[in-house]
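Contents: one structure, followed by commentary.
Coordinate-derived values only; no laboratory data. For clarity, every value in this text was computed on a predicted model and none was experimentally measured. Here the Cβ positions follow ideal geometry from the backbone for every residue, glycine too, while neighbour counts run over all protein chains shown.
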């Protein structure tokens, strides 16, 4: 629950950002793309490879591929079913906002499993350390989610609610992973790769094209790199 609630802290700065032009919305989309790509390919894939060293890295690679396929299929299904919505998110933010929340929620599942596995390992203090680290790590992720959702027209309060929603798998999955550690621990490398694949496909398929509709390529590339640098710096500061 601490890891989930910490998402709110990443949204607080956006209460001071009021009106948004198309140019700013495009810049925020590109910056969010950079942050999400970094979170997926650096943090999730990096942790997955640490847990599956050597030839076992195929699990992460398979997860990446299937995560991308899953996101592409889910996005196609959502676009084909215009009446599908989740708590009026599609109505207020459009299809892209719905898919952003879906991808980030999927990405939180292996993190919740990691918390549970850490508590179930029996190593003293490990569970608290991992849960605390993820709580702090969720703050820059909340920034990335809010950048993307604000660019789609959602209010800051709604961004906070949806940011916390995307981390619900953490408190929900952790107890089961702790109780059934022998099942969940071997699934972590694949799960992290799967989440990273879905997030990366989201970035290339949705966020960057959206940004390029509103700003030129040079500005989009600069904002994307600013997002990458920002996530790397924040990740180092919070120990990601």
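What is the chain by shape, rounded, prolate or oblate, if you read a ≥ b ≥ c off the alpha carbon gyration tensor as root eigenvalues and call it rounded for a/c under 1.5, prolate for a/b larger than b/c, and oblate otherwise? Mind dumping the intermediate values first?
Details: a/c = 1.62, a/b = 1.51, b/c = 1.07.
Here the chain falls in the prolate category.
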Fill in the blank from the handout: Mean-square fluctuation maximum in Gaussian network of the chain, Cα pairs under 10 Å, restricted to 104, 35, 225, hits 225
Fill in the blank from the handout: Dividing the helical contributions, -39500 (n - 2.57) per DSSP H run of n ≥ 4, by the residues of the chain yields a 222 nm value, nearest 500 deg cm²/dmol, of -24500 deg cm²/dmol
Practice task
First check a/c for segment 177-240, with a ≥ b ≥ c the square roots of the eigenvalues of its C-alpha gyration tensor; if it is under 1.5, answer rounded, and if not, answer prolate when a/b is larger than b/c or oblate otherwise.
Solution key: oblate
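Quick one: if the Förster radius is 51 Å, what FRET efficiency do residue 216 and residue 168 give, using the C-beta to C-beta distance and rounding to 0.05? Provide the component values of the computation, followed by the final result.
Working: r = 37 Å, r/R0 = 0.73.
Given R0 = 51 Å and the Cβ-Cβ separation, E is 0.85.
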Exercise for the section: Can you tell me the 0 to 90 degree angle between the C-alpha axis of helix 22-38 and the longest principal axis of the chain, rounded to 10? Expected result: 20
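Counting other beta carbons within 10 Å of each Cβ, put 207, 180, 154, 188 in order, fewest first. Please report the intermediate quantities before stating the final value.
Details: 207 31, 180 14, 154 20, 188 23.
Placing the least packed residue first, the sequence is 180, 154, 188, 207.
Please say if segment 61-115 is rounded, prolate or oblate, where rounded means a/c under 1.5 for a ≥ b ≥ c the square roots of the C-alpha gyration tensor eigenvalues, and otherwise the choice is prolate for a/b larger than b/c and oblate otherwise?
Working: a/c = 3.25, a/b = 1.51, b/c = 2.14.
Judged from the Cα gyration tensor, segment 61-115 comes out oblate (a/c at least 1.5, b/c at or above a/b).
Any chance you could run the full-extension gain for residue 155 through residue 87? It's 0.36 nm times the residue separation minus the Cα-Cα distance, nm to one decimal.
Fully extending the segment from residue 155 to residue 87 adds 23.0 nm.
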Practice task
Give the angle, between 0 and 90 degrees and rounded to the nearest 10, that separates the Cα long axis of helix 126-151 from the longest principal axis of the Cα atoms of the chain.
Solution key: 10
Completion exercise
Exposure proxy check on 83, 206: fewest-to-most Cβ neighbours within 10 Å is 83, 206
Fill in the blank from the handout: Residues 6, 155 in order from fewest to most other beta-carbon atoms within 10 Å are 155, 6
Completion exercise
Using alpha carbon centers only, segment 74-130 is separated from segment 177-240 by a whole-angstrom value of 13
Exercise for the section: Choose one answer from 224, 16, 190: the residue with the largest mean-square fluctuation in a GNM of the chain with alpha-carbon springs under 10 Å. Expected result: 16
Fill in the blank from the handout: For residue 182 and residue 123, extending 7 Å from Cα along the Cα-Cβ vector and measuring point to point gives, in nm, a value of 2.1
Practice task
Using only Cα atoms, tell me the angle between helix 89-120 and the longest principal axis of the chain; keep it within 0 to 90° and round to the nearest 10.
Solution key: 20
